[in-house]
Amino acid sequence: MSFFRVLLSRPDARYARLAAILAIVTLTLNGCAGLFGGDPLRVNVAGIEPVDGQGLEMRFNVKLRVQNPNESAVTFDGVSLALELNGKPFASGVSDQGGTVPRFGETIVTVPMTVPAFAAVRQAFAFAGAVQTGAVQAGGAQSGQIPYILRGKLAGGLTSTTRFVDQGALSLPALGMALP
């Protein structure tokens with residue numbers, strides 16, 4: 001029998017090996033907690049500006065206010081966004097814009113987003129159908145609110161990519177007419 005088999009077959013060696021593995025795992029997890037132990041970034045939509053699209057697509061710039069409530073700055077070199085309306089994909093966008101969100105500071109990031117023609121048509125038909133049938137959705141079109149979820153990430157390399165989610169409801173202007 002080899003030396004390692006004899007060593008590992010002894011009961012006290014198994015305990016020693018288990019203790020060593022637990023110590024390594026504990027130290028590794030404590031080290032990771034120290035690296036990532038910060039509050040998440042706060043990301044909110046600060047503005048939306050329409051821009052020229054091509055064909056039937058719609059395009060707009062989304063301005064994001066990114067706040068960093070941590071003691072160290074966050075550097076990024078790209079942004080990705082995906083917008084859902086009423087639980088359906090609606091628009092997406094990417095930007096290779098880079099920058100830094102200072103410690104206990106904020107910055108504005110602009111990301112161009114595209115609404116494919118079919119996504120706009122799908123949302124229009126869904127809204128018209130809900131209004132025509134009087135279908136009441138939880139927080140949906142009948143109440144004049146359209147729920148949205150904006151998912152995104154600030155890319156800063158393999159270890160410093162920061163993901164975020166902003167959600168809420170968009171208020172629709174009141175229709176000044178009665179529907180049959």
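The values are calculated or read from the model by the stated rules, or taken from the named source; none is laboratory data. Note that the coordinates shown come from a computational prediction; the quantities given were computed from them, not determined experimentally. All Cβ positions, glycine included, derive from the backbone under ideal geometry; neighbour counts span all protein chains shown.
Tally time: how many residues in the stretch 65-85 are surrounded by fewer than 19 Cβ atoms within 10 Å (Cβ to Cβ) and either without any contact (Cβ under 8 Å) to a residue 40 or more places away in the chain or over 15 Å from Ser160 (Cα atoms) (or both)?
Going through the stretch 65-85 one residue at a time, the tally reaches 9.
Working only within the stretch 53-69, note down all residues that are part of a loop (DSSP other than H, G, I, E, B) and modelled with pLDDT of 90 or more.
Hit for the stretch 53-69 is Pro69, nothing else.
For residues in the stretch 47-64 being free of Cβ contacts under 8 Å to residues at least 60 places away in the same chain and acidic (Asp, Glu), which is nearest to Ala117 (Cα to Cα)?
Step by step, filter the stretch 47-64, then rank; the result is Asp52.
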